[in-house]
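Reading through the structure tokens given below for one structure.
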Amino acid sequence: MSLRKFIGTWMFVFLVISPAIFNPCTAHLDPRWAAKKKHMREKVRKMFYHAYDNYLTYAFPHDELKPLTKSFTDSLSELGNLKREYLPQDYSGSALTLIESLSSLVILGNDTEFERAVLWLSENLTFDVDARINLFECNIRVLGGLVSAHMLATDSTNRLVRGAYENQLLLLAEDLGKRFLPAFDTPTGLPYAWINLKYGVMVNETTETSTSGCGSLILEMGALSRLTGDPTYESAALRALRRLWSMRSSLNLLGTTLDVVTGEWIEYSSGIGAGVDSFYEYLLKAHVLFGNEEFWRMFHSAYLAAQKYFRHGPWYHEADMKTGKATYWQLTSLQAFWPGLQVLVGDIAAANSSHREFFHVWERFGVLPERYLLDHQMLHPTEKYYPLRPELAESTFYLYQATKDSWYLEVGESIVDSLNLYTKVEGGYASIRDVTTMELEDHQHSFFLAETCKYLYLLYDDSFLVGRNFIFTTEGHPLPVLSDWHERLPQTYIPANWTFAQSGKQARRASSMSLQVCPATNLNAGGHGDRQVESACHICDAHTDHRCFTDEECGVDSTTCRRRSCSMAGYCGLWLFI
Ligand code: DMJ
């Protein structure tokens, strides 16, 4: 069989679930970079606090900082790139940036400030306000921020003074989740994009929403259900996701916008960027978080279709969901998350080549412009802005985790330098209105603290992740992967001839399954102190960079419990035959 036919016949998807993100196997340091990493970590820490402190000084408790005028904006009502219709008198902000900063504070090791923020929110935050909010944005930023912070506040690390925390963030999250529910009361189960927190869906509310808007709710609402024991939230999000998936074309493609009442597509063209991006992300991450095969099957089909119809070399264009024909040849800043997702899939080679192209564009302009017309080789005439987006930093972090290639540390350095050179002002970090002139705009988005700074910090210091399994929401809020949230215990694929000694070199082959502790699934991390880590069955790859020559050098995937094998590109992962 020719190689071409071989590849055509046996298309492989290679699932890694980056081991360094989810397990303790890859705690290794490149000695040449050790000092540099420390230096960069401190540089990023300073960035975070420059943004955070200025927010506290000039904007808190309002939503976001205006760093040029050192003032604030109550932007929760404005989120979603749609025009705010009105800002009610009684709406005084929801401390959005504080909520978004909670998990970053933990990752930076500032437990004191985390506690202070948690207690302030516990006492002061209310959602009983006459505010029309975007469901998607409020879900990923506020609900996700609260649920993640609640889980961090109640994990075994005791970062809060004993007795100070009595699940207040979870109660707030539950209150918010209840206010989301009227949005799902449609004939299709697809939620309205906008709701009023106090009064529910407004009369004459728009029935148009995006694919992300109804397909990226399952992590936060699912987590809320698991934490409260009330299945309503997860059921609503799942029903919407299933309905959305049922609307795919015969090519397994979805459009970008749709009507929640009729269930008809409005925009048939789609890609991996705005309006669709986190839909793909949540299918895979929901599979990781909840262990549900249904999510994996959806993701698998959707991912293959995206690679088939949108990809052109390292670039991604848009295509018509019915015909698969290319529509818009545009690179958008939001697309830069895709290589990070591909790392979770294990498609490292494709991730690396796309990431390089995004970075070239970054280098050319100094930052990533919102939209670049690939067919005309020019910037989009109006979308020339860069609002401090995290996506390139996010992918850089994932690729470094997967490969340990120090080149990604250099990419991170270049991102940090550009941010400090072009966007740092006395009052914080400002968005760029026009990348050709570097004219600034008076807005420091909350995701700069939730994601951009967080991923840059984790690139240089991932100690928060060592020995623990986390999945990051699309807004960068970590959720622990817990075996008791998994729908069913996975089957183990450990080959019979492996030995499971717990000492010496062979300790690598030990897993909680092999140690017969499944289904309790608590495995002592060994070599990382006494911390107990969640691991259903995980076995490390033989090499920390996951490179391999033979299958024998590959371990067992930590979340699916499937035996990993060696790809043609020489990386361990899960390969699926289709
Ligand atoms: C963030 O709010 C999230 O990452 C979202 O999924 C899309 N992008 C913005 C930041 O660019």
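Table for the structure above
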quantity	calculated
Pair list, Cβ under 6 Å, 6 or more apart: the stretch 206-217 residue closer than 14 Å to Leu284 by Cα, other residue among the hydrophobic types (A, V, I, L, M, F, W, C) and away from the ligand (no atom under 12 Å from the Cβ)	Gly215/Leu241; Gly215/Leu244; Leu217/Ala237
Residue under evaluation Lys322, criteria (1) at pLDDT 95 or above; (2) under 20 Å from Ser216 (Cβ atoms); (3) not hydroxyl-bearing (Ser, Thr, Tyr), criterion not met	(2)
Some residue of the stretch 56-68 being assigned to a helix (DSSP H, G or I), modelled with pLDDT of 95 or more and either under 24 Å from Arg159 (Cβ atoms) or small (Gly, Ala, Ser) (or both)	yes
Qualifying residue in the stretch 319-340 (condition: free of Cβ contacts under 8 Å to residues at least 12 places away in the same chain, farther than 26 Å from Trp265 by Cβ and of a type outside the set (A, V, I, L, M))	no
Residue check for Ala302: within 18 Å of Ser216 (Cβ to Cβ), out of contact with any Phe, Trp or Tyr (no Cβ under 8 Å at 6 or more places or on another chain) and of a type in the set (A, V, I, L, M, F, W, C)	no
In the stretch 222-231, residue surrounded by the most Cβ atoms within 10 Å (Cβ to Cβ) [restricted to those that are in a helix (DSSP H, G or I) and out of contact with any strand residue (DSSP E or B) (no Cβ under 9 Å at 6 or more places or on another chain)]	Leu224
The stretch 455-487, residues that are part of a loop (DSSP other than H, G, I, E, B), within 15 Å of the ligand (Cβ to nearest atom) and of a type in the set (Ser, Thr, Tyr)	Thr473, Thr474
Qualifying residue in the stretch 232-239 (condition: buried (at least 18 other Cβ atoms within 10 Å of the Cβ) and touching a strand residue (DSSP E or B) at 6+ places or on another chain (Cβ under 8 Å))	no
Close pairs from the stretch 130-152: first surrounded by fewer than 24 Cβ atoms within 10 Å (Cβ to Cβ), partner of a type in the set (D, E, K, R) and not in a helix (DSSP H, G or I), Cβ under 7 Å, at least 6 apart	Asp130/Asp90; Asp130/Lys198; Arg132/Glu85
Ala173 being away from the ligand (no atom under 16 Å from the Cβ), crowded, with 24+ Cβ neighbours inside 10 Å and of a type outside the set (D, E, K, R)	yes
Scope the stretch 139-192; condition farther than 16 Å from Ser103 by Cβ and hydrophobic (A, V, I, L, M, F, W, C); matching residues	Val161, Ala164, Leu171, Leu176, Phe180, Leu181, Ala183, Phe184, Leu190
Subset of the stretch 248-267 that is in a loop (DSSP other than H, G, I, E, B) and surrounded by fewer than 19 Cβ atoms within 10 Å (Cβ to Cβ) - its residue that is farthest from the ligand (Cβ to nearest atom)	Ser250
Among the candidates Tyr457, Tyr385, residue that is of a type in the set (Phe, Trp, Tyr) and free of Cβ contacts under 8 Å to residues at least 60 places away in the same chain	Tyr385
Pair list, Cβ < 7 Å and 6+ apart or interchain, from the stretch 467-488 residues that are closer than 21 Å to Leu392 by Cβ to residues that are basic (Lys, Arg) and buried (at least 20 other Cβ atoms within 10 Å of the Cβ)	Ile471/Lys285; Glu475/Arg141; Gly476/Lys454
Filter pass, Thr423 being touching a residue at least 24 places away in the same chain (Cβ under 8 Å), within 16 Å of the ligand (Cβ to nearest atom) and over 22 Å from Gln342 (Cα atoms)	yes
Qualifying positions in the stretch 375-404 - away from the ligand (no atom under 13 Å from the Cβ), in contact with a Phe, Trp or Tyr (Cβ under 8 Å, 6 or more places away or on another chain) and in a loop (DSSP other than H, G, I, E, B)	Asp375, His380
Filter result for Thr97 (out of contact with any Pro (no Cβ under 6 Å at 6 or more places or on another chain), at pLDDT 90 or above, within 18 Å of Leu176 (Cα to Cα) and part of a helix (DSSP H, G or I))	yes
Residue satisfying all of: in the stretch 434-454; more than 16 Å from the ligand (Cβ to nearest atom), assigned to a strand (DSSP E or B) and touching a residue at least 24 places away in the same chain (Cβ under 8 Å); surrounded by the most Cβ atoms within 10 Å (Cβ to Cβ) among these	Leu440
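The values are calculated or read from the model by the stated rules, or taken from the named source; none is laboratory data. Quick caveat: nothing in here was measured; it's all calculated off a predicted structure. Using ideal geometry, Cβ is built from the backbone for each residue, glycine included, and neighbour counts are taken over all protein chains shown.
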